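Please read the structure below before turning to the comments.
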Amino acid sequence: LKVKASNNDGIWDPTPSQIKLTVIPPFWRTDLAYGFYGLLALGLLWLFWRYTFIRTTEKHQLELEHIEKEKSEEMQRIKLEFFTNISHEFRTPLTLIKGPLEYLQRKASKLDESVLQEQFTIMHKNTDYLLRLVNQLLDFRKINQGKMHLVVRNSNIVDFIKDVAEPFQFMAHRRHIDFNIVASDKELVSYFDHDALEKIMNNLLSNAFKFTPKKGGVIIGISKEHLDRWDYVVLKVKDSGDGIPKERINAIFKRFYAEGNGVHMNPEGIGIGLSFTKSLVELHQGTIDLRSKEGQGTEFIVKLPMQKEDYANYKEITIKELSDSDFLVRSKETESFAIGINDELLDEGLSN
């Protein structure tokens, strides 16, 4: 507070008198109060964030639990469906073994040697089929776990395909099916895994013969194709069956595909063959496509890289050079791979 005074003549004192006063604010306007207000605001913001975070976390957790429950239910459904379908796959060859076995038990002493051998052959073929089915299941496990290993060798793939397809001539002859192999060249040297390609071709051919009617046709096409600076060997397996409806083509490679109502796409069952084939082709760094029209047959197209360099960067693939003298040493068990299961053998095994 400053005070100045003047005399009667109106002259002011140049040095006013001063009194220093300190006004103490109320407690709600002190610095401590403002600090408290700031902390309170931060606390409220933290509580709001914490509440929102907890609510979001709980909501997310509920969603996860719901998804997990749905996945668990779906997994149980898939397991049950898998068990049902694999049981169906086992049932057919077991029937073909049991039928001739019961027949031999009843009439073995009255049968000719040729009839006995025929029944033994049926049982042997279907025993091999059961073994192949089990091996495919084990190979599926290896592929899913990344433990499947390929060994690619340079060989004439035309001769190899002809050798693999040879056992199917028996089935073609019995069912009066026109079975031909058409190759663009007599010799196409390519790098491929013999065992994997044999399984691929056997599954495709078994599927083709299964759905081809009597007096129908099955054709294997072998050619070379150049795509994007790379050479591919193209293998086509075409049949004259009923074909596949367009809406089901995308699901044909799913293991034991079934429609939403639980009815199989095909009453004879696709099994694990095509799903296993797709896995082997992709492991082989190739592609498999399907062309089919209902009533006009089905064609599977497999493309596999030909050069050694195509496999050099994959640790699950070993490259080995193979001389002509080392090629195609095949056992009786391997040669019988392609016979498989068909209705005619079923009728024969149960009616004799």
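Could you list, in sequence order, the residues of the range 192-220 that are in a strand (DSSP E or B), open to solvent by 10 Å² or more (accessible area, probe 1.4 Å) and in contact with a Ser or Thr (Cβ under 8 Å, 6 or more places away or on another chain)?
217
For residue 97, are the conditions met, namely being β-branched (Val, Ile, Thr), in a helix (DSSP H, G or I) and touching a helix residue (DSSP H, G or I) at 6+ places or on another chain (Cβ under 7 Å)?
When the stated conditions are applied, residue 97 passes them.
Scan the range 71-78 and tell me whether some residue there is part of a helix (DSSP H, G or I), surrounded by 10 or more Cβ atoms within 10 Å (Cβ to Cβ) and acidic (Asp, Glu).
yes
Each row is one residue, and each column tells you yes or no for (1) farther than 30 Å from residue 238 by Cβ; (2) modelled with pLDDT of 70 or more; (3) of a type outside the set (Phe, Trp, Tyr).
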position: 289; (1), (2), (3): no, yes, yes
position: 295; (1), (2), (3): no, yes, yes
position: 303; (1), (2), (3): no, yes, yes
position: 306; (1), (2), (3): no, yes, yes
position: 316; (1), (2), (3): yes, no, yes
position: 328; (1), (2), (3): no, no, yes
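This table checks each residue for (1) not aliphatic (A, V, I, L, M); (2) not in a helix (DSSP H, G or I).
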residue	(1), (2)
10	yes, yes
15	yes, yes
20	yes, yes
23	no, yes
37	yes, no
40	no, no
51	yes, no
54	no, no
58	yes, no
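I need the full set of residues from the range 88-102 which are among the polar types (S, T, N, Q) and at pLDDT below 75, in order please.
Within the range 88-102, just 92 meets the criteria.
Please identify the pairs in which a residue from the range 157-170 that is without any contact (Cβ under 8 Å) to a residue 40 or more places away in the chain has its Cβ atom under 8 Å from the Cβ atom of a residue that is acidic (Asp, Glu), counting only partners at least 6 apart or on another chain.
From the range 157-170, no pairs qualify.
Would you check which residues across the range 120-166 are in a helix (DSSP H, G or I), at pLDDT 80 or above and among the hydrophobic types (A, V, I, L, M, F, W, C) and list them?
120, 122, 123, 130, 131, 134, 157, 158, 160, 161, 164, 165
Return the total of residues in the range 272-300 being aliphatic (A, V, I, L, M) and assigned to a helix (DSSP H, G or I).
The qualifying residues number 4.
Identify, please: which residue in the range 248-270 is at pLDDT 75 or above and either acidic (Asp, Glu) or in contact with a Ser or Thr (Cβ under 8 Å, 6 or more places away or on another chain) (or both) and is, among those, farthest from residue 161 (Cα to Cα)?
Looking at residues that are at pLDDT 75 or above and either acidic (Asp, Glu) or in contact with a Ser or Thr (Cβ under 8 Å, 6 or more places away or on another chain) (or both), I get 249.
Determine, yes or no, whether residue 169 is at pLDDT 85 or above, loosely packed, with under 14 Cβ neighbours inside 10 Å and assigned to a helix (DSSP H, G or I).
Criteria not met by residue 169.
The values are calculated or read from the model by the stated rules, or taken from the named source; none is laboratory data. Note that this is a predicted model, so its numbers are computed, not measured. Using ideal geometry, Cβ is built from the backbone for each residue, glycine included, and neighbour counts are taken over all protein chains shown. In case anyone asks, the SASA skips ligands and DNA or RNA and just uses the protein heavy atoms, side chains included. Shrake-Rupley method; radii C 1.70, N 1.55, O 1.52, S 1.80 Å.
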